[in-house]
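The values are calculated or read from the model by the stated rules, or taken from the named source; none is laboratory data. It should be emphasised that the depicted structure is a prediction, and the values quoted were computed from it without experimental measurement. Quick reminder, even Gly has a Cβ in these numbers, built from the backbone with ideal geometry, and neighbours come from all protein chains shown. Surface areas here come from the heavy atoms of the whole protein model, side chains and all, with no ligands, DNA or RNA. Shrake-Rupley method; radii C 1.70, N 1.55, O 1.52, S 1.80 Å.
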Amino acid sequence: MKSLAAIGTLMLTLLLLGFQSHAQNGDEMQLKRIYDAALTDGKAYDWLNHLSNQIGGRLSGSLEAQRAVEYTKVQLESLQLDRVWLQPVMVPKWVRGTPEFAYMETSPGITSTVPIRALGGSVATPLGGLKANVIEVKGIEDLRALGENKIGGKIVFFNRPMDPTKISTFEAYSGAVDQRYSGAEEAAKFGAIGVIVRSLNLRLDDFPHTGSMSYGDTAEGDRIPAAAISTNAAEMLSTTLKLNPETKFYFKQHCKQFDDVQSYNVIGEIKGSTHPDEIIVVGGHLDSWDLGDGAHDDGAGCVQSMEVLRLLKLSGYIPKRTIRAVLFMNEENGLRGATEYAVKAKANNENHIFALESDAGGFAPRGFSFESSDTHLKRVHGWKPLFKPYQIHLFEKGHSGADIAPLKNGDNVLAGLRPDSQRYFVHHHAANDTFEHVNKRELELGAAAMASLVYLFDKYGVEPAATLGN
């Protein structure tokens with residue numbers, strides 16, 4: 001009896017191993033079909049070319065943002081999806097105005113012009129500009145230590161560089177971004193009349209990098225103008241101040257905040273064949289800053305997300321679950337699109353089991369970071385052999401993405417595509433974030449990696465946290 005039981009157990013084990021091997025081979029073939037289609041018949045690069053070169057920078061509330069909405073909706077409709085629609089959302093409208101101008105003055109009449117750009121959401125300077133002595137600080141902590149006696153009536157120059165020793169450039173960015181976002185709010189508390197912030201860029205160059213900033217609860221009449229200065233100019237200003245602490249700084253900008261206007265999230269979906277109420281989202285943000293054409297940030301993520309749907313259809317795969325591409329509006333200066341999408345999803349009682357975002361540039365993909373339970377992450381690690389031939393090796397816990405973050409509920413899995421990040425902040429929020437700096441093959445590889453991960457989550461699903469152990 002024992003030997004018969006042992007034989008039965010062995011046969012069952014071999015049967016299960018054979019089934020797993022068959023499934024693994026089927027997944028390998030599907031991933032190859034996805035990658036082959038992306039690299040030989042991709043559309044993402046063409047879509048990005050149009051967004052970048054025919055439309056350009058797509059700041060929320062702008063004509064260019066509306067043109068991008070209309071263009072991407074038409075392109076999604078051309079894929080013959082089950083549904084394509086626009087989701088209305090009210091967004092802020094901030095306008096930069098005429099180009100900014102700035103110079104350093106080492107003595108009366110002796111000046112050197114420097115490149116600056118207003119931070120997004122900043123108020124304008126007086127019509128004639130603003131000129132004052134400058135005080136350099138390395139961060140908000142330095143500002144507080146100096147106090148009003150040394151800050152009052154001056155322009156504060158925040159000059160803390162991104163840490164070049166951080167291999168993760170996003171970690172370096174996180175370590176310096178507070179001075180850009182909160183610098184003006186904090187400096188105003190000590191009587192400063194303006195703020196200049198070193199661009200968040202690991203490279204020394206002449207491109208100022210804009211980005212969002214906040215005045216917090218500062219009264220409207222107490223808000224001070226804020227601008228980014230290029231890294232080369234920041235180095236020059238810092239050196240000049242050491243040699244001549246009485247150096248003055250002049251800058252003029254004409255930006256203005258208008259009332260909110262209506263815009264849209266652009267959404268397209270393939271309805272699930274067996275579990276249509278389980279939704280998988282893949283997305284990026286359609287808006288961008290106005291200095292370049294938003295090719296890496298985040299035109300790349302948008303066209304990759306659109307391409308995921310196209311690649312799955314092209315490969316012949318029929319999704320079990322509803323797969324939805326969402327092009328979010330207003331990530332850069334408000335997250336209104338992400339917030340509205342999550343509110344509507346909750347109101348409609350939608351079950352989002354998995355969401356994937358691409359918002360780290362169109363560079364060569366290295367892997368994914370996940371916000372998930374340990375059990376879900378362990379399952380993802382089981383898929384690593386499928387990605388090894390495509391040089392996707394990073395599968396770790398970490399941030400997923402700003403636009404999908406509001407969907408987190410404890411049961412689902414959120415993920416972010418992680419491309420090579422070493423060149424990202426060379427272009428981030430600057431005039432050189434342009435189409436010519438996106439490599440076609442790297443963009444296509446990213447889209448294929450995303451489609452492959454979406455396929456696996458669609459095929460195998462996500463178990464609710466209540467049924468899992470961590």
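Note on segment 184-222: among residues that are in contact with a helix residue (DSSP H, G or I) (Cβ under 9 Å, 6 or more places away or on another chain) and in a helix (DSSP H, G or I), the one that is surrounded by the fewest Cβ atoms within 10 Å (Cβ to Cβ) is ASP222. The number of residues in segment 406-438 being under 15 Å from the mean Cα position of the chain (by Cα), of a type in the set (A, V, I, L, M) and surrounded by fewer than 24 Cβ atoms within 10 Å (Cβ to Cβ) comes to 2. For first residues located in segment 218-239 and more than 22 Å from GLY121 (Cα to Cα), partners that are hydrophobic (A, V, I, L, M, F, W, C) and loosely packed, with under 15 Cβ neighbours inside 10 Å and lie 6+ apart or on another chain with Cβ distances below 9 Å form the pairs ASN232/LEU204; GLU235/LEU204. Taking each residue of segment 391-413 that is at pLDDT below 95 and among the aliphatic types (A, V, I, L, M) and looking for partners that are part of a loop (DSSP other than H, G, I, E, B) and open to solvent by less than 10 Å² (accessible area, probe 1.4 Å) with beta-carbon atoms closer than 9 Å, six or more apart or interchain, yields nothing.
Output the residues belonging to segment 140-159 that are basic (Lys, Arg) and over 19 Å from MET104 (Cα atoms). Working first, answer last.
Within segment 140-159, the first condition is being basic (Lys, Arg), and the residues that meet it are 144, 150, 154.
Of everything in segment 140-159, those that are basic (Lys, Arg) and over 19 Å from MET104 (Cα atoms) turn out to be ARG144, LYS150.
Report, by residue number, each residue of segment 330-351 that is of a type outside the set (S, T, N, Q) and open to solvent by 10 Å² or more (accessible area, probe 1.4 Å). Hits for segment 330-351 are GLU331, GLU332, GLY334, LEU335, ARG336, GLU340, ALA342, VAL343, LYS344, LYS346, ALA347, GLU350.
Is segment 49-70 home to any residue that is assigned to a strand (DSSP E or B) and touching a helix residue (DSSP H, G or I) at 6+ places or on another chain (Cβ under 6 Å)? Working first, answer last.
Of all residues in segment 49-70, those assigned to a strand (DSSP E or B) come to none.
No, the conditions are met nowhere in segment 49-70.
Selection of strands (runs of 3 or more DSSP E) fully inside segment 83-183 by the criterion of at least 1 residues being open to solvent by 50 Å² or more (accessible area, probe 1.4 Å) returns 83-95, 101-107, 110-113, 116-118, 130-137. Across segment 249-276, the number of residues qualifying as surrounded by fewer than 21 Cβ atoms within 10 Å (Cβ to Cβ) and over 24 Å from VAL89 (Cβ atoms) comes to 7.
Within segment 447-465, can one find any residue that is at pLDDT below 95, open to solvent by 10 Å² or more (accessible area, probe 1.4 Å), in a helix (DSSP H, G or I) and more than 30 Å from THR231 (Cα to Cα)?
Taking segment 447-465 first, the residues at pLDDT below 95 are 461-465.
Restricting the remaining residues to those that are open to solvent by 10 Å² or more (accessible area, probe 1.4 Å) gives 462-465.
Keeping just the survivors that are in a helix (DSSP H, G or I) gives 465.
So of that shortlist, the ones also more than 30 Å from THR231 (Cα to Cα) come out as 465.
Yes: one or more hits.
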